[in-house]
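Q: What follows is a structure written as structure tokens; I'll ask about it next.
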Amino acid sequence: MTKNLFFFLVAIIAGVQILSAASDKSKIEITAKHVDAADNIVEAKDHVVVYYEDSVIKAASAHFDKSTKVLVIDGEIEMLGYNGSKVHTDHIEIHTDTKEVTFDELFLIGKNDVWIFSDDAHKDEGNYTLGASLISSCDIADPLWKMAFSDALYDSDANYIKIYGAKVYLWDIPMFYTPYLAFSTDRERSSGLLFPAFGYSSNEGFLYEQPIYWAISPSMDLEVNPQIRTARSIGMYSTFRFVDSAYSSGKLRVGYFKDKTEYIDNNYLPNDSHYGVEFNYESSQVFSNTLPTGFTDGLYINTTYLNDIDYLNLQQSHLRHFGLVPLQESRVNYFLYNNDYYTGVNAKYFIDTRKEDNSDTLQILPSLQLHKYLSHFIWNNLTYSADLRINNFDREKGTTLRQAELKVPVELTTSFFDDFLSLSLGEELYYSKFFFGNGAYLHDDFEYYSNIHKVKLFTDLTKKYDGFIHVLQPSLAYIRPGNEYKSPSLSALDVDQTALFTVGLPEEHYAFNLSQYFYDEMMNLKFFQRLTQTYYLDRNYELADLSNEMRYNWNQWSLYNDVTYSHEYGRIRESASRVSLNEEDYHFSLGHTYKKILPDVPTYITGNIDANELYFYFGYTFNEQVKFNGGLTYDVDDASSKQWRFGGSYHRDCWNATASVRQDIVPRPTGYTLDTTFYLQLNFIPFGTVGTE
């Protein structure tokens with residue numbers, strides 16, 4: 001807009017002559033210092049500005065033939081389009097009746113600073129046909145990256161280009177070649193081929209993955225990712241993304257990969273193919289138009305079905321799920337609530353990829369929860385809440401269970417000494433009914449109810465000192481088991497039945513808790529501590545584990561420790577320590593995790609292994625263009641590194657690169673492996689990425 005105004009002011013100040021020529025299809029206005037018209041020929045020279053349709057053209061001279069309707073413009077031409085595009089050339093021929101335009105040595109700059117230089121170009125209704133050309137978004141004089149191609153078709157209205165015989169150069173080094181490439185020169189979504197991913201693995205050979213993108217509509221798209229691993233075989237993944245309302249969206253992915261026979265034999269894989277389906281969906285309003293006033297609902301779906309873990313390993317990028325672990329979990333949750341009640345329907349489905357047959361894996365299909373939030377009853381200091389759950393534990397082989405349980409805690413609270421000390425008397429009522437199936441049993445059902453007595457002394461003290469505020473929250477609770485009823489007795493049930501649930505009264509004990517917080521005058525947390533200790537009256541060793549968690553924040557430093565100590569064995573059971581620094585240009589975290597399996601821990605518990613590891617993570621910003629990051633996990637007992645990575649990135653206005661070398665623990669169908677990979681990603685702004693791994 002500024003340049004258009006500048007050209008117009010130049011014409012007025014210079015006292016130009018103006019000529020208008022109209023036709024059925026177009027209108028031309030020419031301004032210049034010297035304009036000559038004879039018969040059907042118009043000649044314009046010196047500070048020529050041509051207004052043609054939605055473009056403003058500045059040039060040295062212009063020639064218009066009214067009979068042929070051909071406009072010829074010459075000499076240092078600069079053309080501004082209505083959409084922000086700029087064209088530089090030395091010669092333009094415009095057929096105003098057909099709107100065809102021919103350029104010599106076209107130089108075109110888009111509104112997002114992408115430029116194209118072509119030795120020959122032809123324009124018809126916003127479509128450019130280009131000869132041998134260069135394209136880039138870097139500095140014109142010395143572009144850091146550029147793409148050369150033999151010919152291309154460019155739609156200036158849609159900002160979309162189709163290129164043939166494309167070669168991508170980083171500086172003058174060829175990085176990539178493709179016989180055909182199509183992409184948007186704008187940042188808007190559009191269909192076409194995306195930049196491929198390629199790499200090499202000593203185990204799987206060369207990798208080539210060619211993403212194909214289809215922008216179906218503004219609210220949905222589809223990406224298809226066929227891939228080749230030369231030493232392994234071929235496969236394909238497809239991802240469908242959609243937005244079905246202003247409050248909900250989802251993703252659906254399917255994939256299949258078929259291994260070569262020799263690869264299966266060399267790696268001892270149980271399956272010759274790897275396939276699966278994933279579906280993610282979230283909605284913050286499902287039945288918003290039909291719900292009673294004050295109610296809100298939502299839906300969350302995160303599901304995965306696969307035949308083994310390699311279905312996930314073979315993906316270049318993952319959808320959100322519950323971890324790259326052998327036991328894969330799927331969830332479907334619907335909830336509805338208001339200020340007084342909460343209800344939810346939840347389902348969980350598990351696939352243990354270590355098993356050949358999952359028919360005996362226990363599933364939760366589904367469970368129903370109805371919860372009454374804390375409310376007053378008779379008096380303001382008498383409160384209660386209620387939680388009702390109906391669970392369905394199902395599977396094809398083995399005992400199944402349907403359970404209904406109700407928990408109602410009631411609490412009376414009062415204060416003494418001007419609210420410095422509070423006392424609460426509580427009673428927790430519990431009832432549960434169990435129904436067993438998928439087998440012949442002496443007893444098909446089991447009933448249980450109990451009550452628990454609770455007494456708690458606590459206080460919440462806050463005091464302001466010079467420069468800081470201290471909050472102290474100590475409490476002492478006494479828990480005493482009440483009565484319980486079982487019908488029939490647990491001894492009358494099968495082992496397969498009792499393995500599905502746990503009931504019983506807690507041991508009589510005292511529980512001491514101490515929490516304290518220090519804030520500065522701006523209410524920034526500087527230090528906190530949470531200490532817990534339980535004392536059992538009827539155990540041979542009365543003191544349970546001591547737990548202490550604390551963190552200290554000092555300027556940009558943070559010191560954290562969480563330790564659990566066993567009085568009985570005189571040893572630390574678990575510990576996590578970390579010191580970290582977060583500055584503007586750099587940050588690091590140094591920590592230690594420790595876990596010791598003591599004799600009182602059953603051997604069947606998942607993750608029952610010792611741990612003694614040091615870890616170190618860092619990030620450093622050298623300048624606006626260069627950044628580094630890395631990390632290391634070191635096993636102290638084995639004196640070896642378990643996981644490590646080191647990488648960096650380089651960023652410029654028109655391109656950036658990210659590279660890293662790393663070793664990771666990767667789950668496989670036959671266990672875990674340590675994989676070392678090299679990763680490199682080049683991003684040619686604004687077109688896309690070329691990546692290797």
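The values are calculated or read from the model by the stated rules, or taken from the named source; none is laboratory data. None of these values were measured; they are calculated from a predicted model. When we count neighbours, we look across all protein chains shown, and the Cβ atoms used for this are built from the backbone with ideal geometry, even at glycine.
Here's the yes/no breakdown for (1) among the small types (Gly, Ala, Ser); (2) in contact (Cβ under 8 Å) with a residue 40 or more places away in the chain; (3) more than 30 Å from residue 414 (Cα to Cα):
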position: 467; (1), (2), (3): yes, yes, yes
position: 471; (1), (2), (3): no, yes, no
position: 480; (1), (2), (3): no, no, no
position: 484; (1), (2), (3): no, no, no
position: 493; (1), (2), (3): no, yes, yes
position: 497; (1), (2), (3): no, yes, yes
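Q: Does the stretch 381-411 hold any residues that are of a type in the set (Val, Ile, Thr), part of a strand (DSSP E or B) and in contact (Cβ under 8 Å) with a residue 24 or more places away in the chain, and which are they?
A: Selection gives 383, 400, 408, 410.
Q: Just the residues that are more than 21 Å from residue 652 (Cβ to Cβ) and modelled with pLDDT of 85 or more, please, taken from the stretch 132-161.
A: Within the stretch 132-161, 132, 133, 149, 150, 151, 152, 153 meet the criteria.
Q: In addition: Just one of (1) in a strand (DSSP E or B); (2) modelled with pLDDT under 90; (3) more than 20 Å from the chain's Cα centre (by Cα) trips up residue 256, so point out which.
A: (2)
Q: If you don't mind, there's one more thing I want to ask. Just need a number here: residues in the stretch 48-75 that are surrounded by fewer than 19 Cβ atoms within 10 Å (Cβ to Cβ) and modelled with pLDDT under 85.
A: Residues in the stretch 48-75 being surrounded by fewer than 19 Cβ atoms within 10 Å (Cβ to Cβ) and modelled with pLDDT under 85: 3 in total.
Q: Follow-up. I'd like the full set of residues that are under 39 Å from the mean Cα position of the chain (by Cα) and closer than 19 Å to residue 177 by Cβ, limited to the stretch 121-135.
A: 133, 134, 135
Q: Right, another one. List the residue pairs whose Cβ atoms are under 7 Å apart, where the first residue sits in the stretch 128-140 and is farther than 16 Å from residue 166 by Cα, the second is among the polar types (S, T, N, Q) and not in a strand (DSSP E or B), and the two are 6 or more positions apart or on different chains.
A: 128/156
Q: Another question, then. Which of the residues belonging to the stretch 556-575 are over 14 Å from residue 601 (Cβ atoms) and of a type outside the set (A, V, I, L, M, F, W, C)?
A: 556, 558, 560, 561, 562, 565, 567, 570, 575
Q: At least 3 residues that are more than 24 Å from residue 154 (Cα to Cα) and more than 22 Å from the chain's Cα centre (by Cα) in each: list the strands (runs of 3 or more DSSP E) lying fully within the stretch 172-252 that qualify.
A: 197-201, 205-209, 220-229, 233-245
Q: Can you report the number of residues in the stretch 508-526 which are closer than 30 Å to residue 537 by Cα and either assigned to a loop (DSSP other than H, G, I, E, B) or of a type in the set (Phe, Trp, Tyr) (or both)?
A: 3
Q: Against the definition (surrounded by fewer than 17 Cβ atoms within 10 Å (Cβ to Cβ) and at positive phi), how does residue 268 come out, yes or no?
A: Yes: the conditions hold for residue 268.
Q: To continue, here is another question. Just to be sure I understand the filter: pairs with C-beta atoms under 6 Å, separated by 6 or more residues or on different chains, first member in the stretch 517-530 and over 11 Å from residue 553 (Cβ atoms), second member part of a strand (DSSP E or B). Which pairs pass?
A: Pairs that qualify, where the first residue is over 11 Å from residue 553 (Cβ atoms) and the partner is part of a strand (DSSP E or B), are 517/471; 517/528; 529/516; 529/550; 530/515; 530/549.
Q: Related question: Could you tell me how many of the residues in the stretch 99-113 are hydrophobic (A, V, I, L, M, F, W, C), touching an Asp or Glu at 6+ places or on another chain (Cβ under 9 Å) and under 15 Å from residue 152 (Cα atoms)?
A: Number satisfying all stated conditions: 2.
Q: Something else about it: Do the conditions hold for residue 364, that is, is it more than 28 Å from residue 447 (Cα to Cα), touching a strand residue (DSSP E or B) at 6+ places or on another chain (Cβ under 6 Å) and of a type outside the set (D, E, K, R)?
A: For residue 364, the condition - more than 28 Å from residue 447 (Cα to Cα), touching a strand residue (DSSP E or B) at 6+ places or on another chain (Cβ under 6 Å) and of a type outside the set (D, E, K, R) - is not met.
Q: Filter the stretch 81-98 down to residues that are closer than 19 Å to residue 157 by Cβ, at pLDDT 80 or above and of a type outside the set (Val, Ile, Thr), then give me how many there are.
A: Going through the stretch 81-98 one residue at a time, the tally reaches 1.
Q: Further question on the same structure: Might you check whether a residue that is at pLDDT 80 or above and surrounded by fewer than 19 Cβ atoms within 10 Å (Cβ to Cβ) occurs anywhere in the stretch 189-203?
A: No, the stretch 189-203 contains no residue that is at pLDDT 80 or above and surrounded by fewer than 19 Cβ atoms within 10 Å (Cβ to Cβ).
Q: Continuing with the same structure: Can you go through 169, 128 and tell me which one is modelled with pLDDT of 75 or more, under 30 Å from residue 52 (Cα atoms) and either touching a Ser or Thr at 6+ places or on another chain (Cβ under 6 Å) or buried (at least 17 other Cβ atoms within 10 Å of the Cβ) (or both)?
A: Going through 169, 128 in turn, just one is modelled with pLDDT of 75 or more, under 30 Å from residue 52 (Cα atoms) and either touching a Ser or Thr at 6+ places or on another chain (Cβ under 6 Å) or buried (at least 17 other Cβ atoms within 10 Å of the Cβ) (or both): 128.
Q: Restricting to the stretch 625-665, and then to whatever is polar (S, T, N, Q), part of a strand (DSSP E or B) and more than 20 Å from residue 590 (Cα to Cα), can you tell me which residue is nearest to the chain's Cα centre (by Cα)?
A: For the stretch 625-665, the residue satisfying everything is 658.
Q: Taking the stretch 401-431, which residues are out of contact with any Leu (no Cβ under 8 Å at 6 or more places or on another chain) and either of a type in the set (Phe, Trp, Tyr) or modelled with pLDDT under 95 (or both)?
A: Matches in the stretch 401-431: 417, 418, 419.
Q: Does the stretch 381-403 include one or more residues that are among the hydroxyl-bearing types (Ser, Thr, Tyr), surrounded by fewer than 14 Cβ atoms within 10 Å (Cβ to Cβ) and farther than 30 Å from residue 328 by Cβ?
A: There is no residue in the stretch 381-403 that is among the hydroxyl-bearing types (Ser, Thr, Tyr), surrounded by fewer than 14 Cβ atoms within 10 Å (Cβ to Cβ) and farther than 30 Å from residue 328 by Cβ.
Q: In this structure, does residue 421 turn out to be surrounded by fewer than 17 Cβ atoms within 10 Å (Cβ to Cβ), touching a residue at least 12 places away in the same chain (Cβ under 8 Å), under 19 Å from residue 505 (Cβ atoms) and not basic (Lys, Arg)?
A: When the stated conditions are applied, residue 421 does not pass them.
Q: Pick from the stretch 136-166 the residues that are of a type in the set (Ser, Thr, Tyr), crowded, with 19+ Cβ neighbours inside 10 Å and not in a strand (DSSP E or B): which of them is nearest to the chain's Cα centre (by Cα)?
A: The extreme case among them is 137.
Q: Here's a follow-up. In the list 67, 150, which residue meets the criterion of being of a type outside the set (D, E, K, R) and either in contact with a strand residue (DSSP E or B) (Cβ under 6 Å, 6 or more places away or on another chain) or without any contact (Cβ under 8 Å) to a residue 24 or more places away in the chain (or both)?
A: Result: 150 is the single residue among 67, 150 that is of a type outside the set (D, E, K, R) and either in contact with a strand residue (DSSP E or B) (Cβ under 6 Å, 6 or more places away or on another chain) or without any contact (Cβ under 8 Å) to a residue 24 or more places away in the chain (or both).
Q: Ok, one more. Would you point out which residue out of 517, 478 is closer than 25 Å to residue 561 by Cα and modelled with pLDDT of 95 or more?
A: Going through 517, 478 in turn, just one is closer than 25 Å to residue 561 by Cα and modelled with pLDDT of 95 or more: 517.
Q: Inspect all residues belonging to the stretch 568-578 and state whether any of them is assigned to a loop (DSSP other than H, G, I, E, B) and either surrounded by 15 or more Cβ atoms within 10 Å (Cβ to Cβ) or at pLDDT 95 or above (or both).
A: Yes, because at least one residue in the stretch 568-578 is assigned to a loop (DSSP other than H, G, I, E, B) and either surrounded by 15 or more Cβ atoms within 10 Å (Cβ to Cβ) or at pLDDT 95 or above (or both).
Q: Just name the residue that is surrounded by the fewest Cβ atoms within 10 Å (Cβ to Cβ) out of those in the stretch 348-380 that are without any contact (Cβ under 8 Å) to a residue 12 or more places away in the chain and farther than 28 Å from residue 429 by Cβ.
A: Ranking the qualifying residues of the stretch 348-380, first place goes to 357.
Q: What's the number of the condition residue 475 fails, among (1) buried (at least 16 other Cβ atoms within 10 Å of the Cβ); (2) small (Gly, Ala, Ser); (3) in contact (Cβ under 8 Å) with a residue 40 or more places away in the chain?
A: Single failed check for residue 475: (3).
Q: Checking the conditions here, which among 345, 286 is among the β-branched types (Val, Ile, Thr), modelled with pLDDT of 95 or more and surrounded by 13 or more Cβ atoms within 10 Å (Cβ to Cβ)?
A: Answer to the selection: 345.
Q: Please go through the stretch 608-629 and give me each residue that is closer than 28 Å to residue 563 by Cβ, at pLDDT 90 or above and not hydrophobic (A, V, I, L, M, F, W, C), ordered by number.
A: 612, 613, 615, 617, 619
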